[in-house]
1. Using 1/(1 + (r/R0)^6) with R0 = 25 angstrom and r between the beta carbons of Asn36 and Leu76, what's the FRET efficiency to the nearest 0.05?
2. Please report the carbon-and-sulfur percent of the accessible area for the range 1-94; probe 1.4 Å, protein heavy atoms only, DNA, RNA and ligands left out.
3. Test of understanding: what is the full-extension gain from Asn50 to Asn148, defined as 0.36 nm times their sequence separation minus their Cα-Cα distance?
4. What full-extension length gain, to one decimal in nm, is calculated for Glu85 and Val1 as 0.36 nm per residue of separation minus the Cα-Cα distance?
5. Grab the Cα-Cα distance for Leu22 and Lys57, subtract it from 0.36 nm times how many residues apart they are, and report the gain in nm with one decimal.
6. Using modelled amide H (1.01 Å from N, peptide plane; none on Pro or chain starts), what sits under 5 Å from the amide H of Phe44, excluding residues fewer than 5 places away?
Amino acid sequence: VLVEIDELSLQALGQWPWPRVLVAQLLDSIATMHPNGIGLDILFPEVDRNSPIHLKKFYTEFFGLSPELSGLPDELLDNDNIFKESIQNTFSTLPIVLSNRTVKKNQCYSKIANIVLSDSLKDIYQYPFSLCSIDKLQKSSMVNGFINAYLDNDGHYRRTPLILKK
């Protein structure tokens, strides 16, 4: 089963990106159906700026204010922590994008299995750069997979390599 963020979803929950607490709730809901696995094809390369702790920081830096977060439990201050827990509890897989263009050199934390390749696979795609989610989230995933795909001349995705090397 594929769960897609479509126009109806956006109408119901608002513009993307959604606060990570919503994505965490979505993962938790999917997990109640006992899937064999959950894989996300969405990167989260920046912190969730909708988190109360980051909103406070924004208003402090931009307006010079000192907003209070009274009455809010500590565990609700950072949406990324809530999302991290959902990733761990649902055994979800997070993606990595490998690239020949500079995005983030050798700084992506990944749990892609080391595969020993035979000499017959000399034409393996090799990429020196990678892009992934923030470390807190990427490290919470049990494994990672790459989501590289290639657009054909007619605008359709038909090809993706099965093996890549970072």
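The values are calculated or read from the model by the stated rules, or taken from the named source; none is laboratory data. As the structure is a computational prediction, the values presented were derived from the model and not from experiment. Cβ placement follows ideal geometry from the backbone for every residue including glycine, while neighbour counts extend to all protein chains displayed. All accessible areas refer to the heavy atoms of the entire protein, side chains included, with ligands and DNA or RNA removed. Shrake-Rupley method; radii C 1.70, N 1.55, O 1.52, S 1.80 Å.
1. After rounding to 0.05, the efficiency reads 0.20.
2. Ligands and nucleic acids excluded, carbon and sulfur reach 55 percent.
3. Using 0.36 nm per residue and subtracting the Cα-Cα distance, I get 32.5 nm.
4. Stretched fully, the Glu85-Val1 segment lengthens by 28.0 nm.
5. Extending this stretch completely gives an extra 10.5 nm.
6. Hits under the 5 Å cutoff: Ser133, Ile134.
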